[in-house]
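Enquirer: There's a structure below that I have some questions on.
We did not get these values from a lab; they are worked out from the coordinates using the rules stated. Remember, it's a predicted structure, so these values are computed and weren't measured experimentally. Note: ideal-geometry Cβ built from the backbone for every residue, glycine included; neighbour counts use all protein chains shown.
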Amino acid sequence: MVGAALALPDMNKLLAKLNGRLLPLRWLRVLRERSRLDEVRVFALGVKHEHRHTGTAAAFYAEIWRECLRRRIRRAETGWILEVNEPMNRAMQALGGDIVKRYRLYEREI
């Protein structure tokens, strides 16, 4: 295995409508309406260091894109991409994405 990607439907819209109440039968609403979801979240996408710059990440992006088009997904969100991860940020911008938040790690000895 040289890499992995995980993109899932964004269930937050459906769960917000439930107002924190899943029981007794509200979970049925989630099951019924999940086919109407039109947004996904790309939770993780990574390629082993020795296989970067070989087109593997681009293949993951392309497959996610194809699947989104097939399922009529209109929006995809990528999250938790560090500010210093320039290749990933450039790739997301090349696909039409906008950077709306910056994630940084700070280190300090205690």
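Enquirer: What is the helix-to-structure angle for 56-70, meaning the angle in degrees between its Cα long axis and the longest Cα principal axis of the chain, kept from 0 to 90 and rounded to the nearest 10?
Expert: 20 degrees
Enquirer: Just name one of L69, V42, A16: the one whose Cα is farthest towards the positive end of the charge dipole of the range 1-72 (beta-carbon charges, Lys/Arg +1, Asp/Glu -1).
Expert: A16
Enquirer: A further question follows. Take the range 1-64, drop everything but the C-alpha atoms, weight them equally and run the Debye formula without solvent; then report log10 I(q)/I(0) at 0.14, 0.20, 0.24 Å⁻¹ to two decimals.
Expert: -0.56, -0.77, -0.94
Enquirer: Testing the spin-label approximation: label points 7 Å from Cα along Cα→Cβ at L95 and E33. State their distance in nm.
Expert: Distance between the two pseudo-spin positions: 2.6 nm.
Enquirer: Suppose the chain between W65 and I110 were pulled fully straight at 0.36 nm per residue; how much longer would it get relative to their current alpha carbon spacing?
Expert: Between W65 and I110, full extension yields 11.8 nm more.
Enquirer: While we're on this one: At 0.36 nm per residue, minus the direct Cα-Cα distance, what do E77 and N12 gain on full extension? Give it in nm, one decimal, please.
Expert: Between E77 and N12, full extension yields an extra 22.2 nm.
Enquirer: Another question, if that's okay. Report the residue, chosen from R29, R71, R41, that carries the largest GNM mean-square fluctuation when the chain is represented by alpha-carbon nodes joined by springs under 10 Å.
Expert: Largest GNM mean-square fluctuation: R29.
Enquirer: Right, another one. Relative contact order, percent, of the range 1-103 when contacts are C-alpha pairs under 8 Å separated by at least 6 residues?
Expert: Relative contact order for the range 1-103 comes out at 30 percent.
Enquirer: Explain nothing, just the number: dipole magnitude of the chain about its Cα centre with +1 on each Lys and Arg Cβ and -1 on each Asp and Glu Cβ, in debye rounded to the nearest 20.
Expert: So the magnitude is around 760 debye.
Enquirer: Ok, one more. Assuming 1.567 mPa s and 4 °C, estimate D for the range 69-110 with Stokes-Einstein, Rh taken as the Kirkwood radius over Cα pairs, in µm²/s.
Expert: 106 µm²/s
Enquirer: Another one. Ratio of the chain's C-alpha Rg to 2.2 N^0.38 Å, to two decimals?
Expert: 1.31
Enquirer: Put +1 on the Cβ of each Lys and Arg and -1 on the Cβ of each Asp and Glu in the chain; which of V2, A59, V30 then has its Cα farthest toward the positive end of the dipole?
Expert: Most positive-ward Cα: V30.
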